[in-house]
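For reference, the structure is listed below as structure tokens.
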């Protein structure tokens, strides 16, 4: 529902007045999904990879993350459109989950992405290789494989080989992971971005005060402020997840 609200397809509900889930008086589930698909121009459904858990909604299979990842990719596309980085899009995503945001962002940008690298734990890379190898097999390039054989190649990079990325990114992304990393690791990533990125850094993260062992989680704006190369140009709250913040920094 929050995806449809963010697009203006549904009214944004408020706890202060009005009827909850009023949309069921106006649309069937199928009609709502039709409206969403008409907006994006493609079918919205979770790729059938492995044995995902989800629900059937309006005749589409949706996992818990499907609309959340699509929402994030949509908002990232809007940010990229506003900032309009030069040339083809070369994307580095720090911490890619199982690859869902990568999957939807590539669909939304429709051929504009020239290179896409996900930097993550090797264990996460195993999951990403299965998901993206099943949902985008023409693009996934594993270690030792020829980049030239792939259309808009996706590479999976272990976090300890960050410096081996062989292209200059103009898009750096982190979603839902930097606050949980050690501060030194966030410093390393943003320091790498300050030296290698020419474009924009997009951060979609929560900022809750939730200490672990007496140590608060990382506050991304605080770390970014230590690097003069990062200039914040937008900061907005998320339609999709209460307490999450969507930021964009220009890095030149």
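General remarks:
- Residues considered: 226, 188, 242, 232. Of these, the only one that is at pLDDT below 95 and farther than 17 Å from residue 91 by Cα is 242.
- When residues in the range 43-90 are screened for being farther than 24 Å from residue 241 by Cα and either crowded, with 19+ Cβ neighbours inside 10 Å or not assigned by TED's automatic domain parsing to the domain that holds residue 199 (or both), 7 of them pass.
- Subset of the range 121-134 (residues that are surrounded by fewer than 16 Cβ atoms within 10 Å (Cβ to Cβ) and either part of a helix (DSSP H, G or I) or out of contact with any helix residue (DSSP H, G or I) (no Cβ under 9 Å at 6 or more places or on another chain) (or both)): 122, 123, 126, 130, 134
- Residues of the range 224-249 that are under 20 Å from residue 196 (Cα atoms) and either buried (at least 18 other Cβ atoms within 10 Å of the Cβ) or not assigned by TED's automatic domain parsing to the domain that holds residue 174 (or both): 224, 230, 247, 248, 249.
- Residue 34 vs. criteria under 27 Å from residue 136 (Cα atoms), assigned to a loop (DSSP other than H, G, I, E, B) and free of Cβ contacts under 8 Å to residues at least 40 places away in the same chain: no
- Enumeration of residues in the range 135-170 that are loosely packed, with under 11 Cβ neighbours inside 10 Å and either part of a loop (DSSP other than H, G, I, E, B) or touching a residue at least 60 places away in the same chain (Cβ under 8 Å) (or both): 137, 138, 144, 146, 151, 166
The values are calculated or read from the model by the stated rules, or taken from the named source; none is laboratory data. All figures in this text were calculated on a predicted structure; none of them were measured in a lab. Here Cβ is always computed from backbone atoms with ideal geometry, including for glycine, and neighbour counts include all displayed protein chains.
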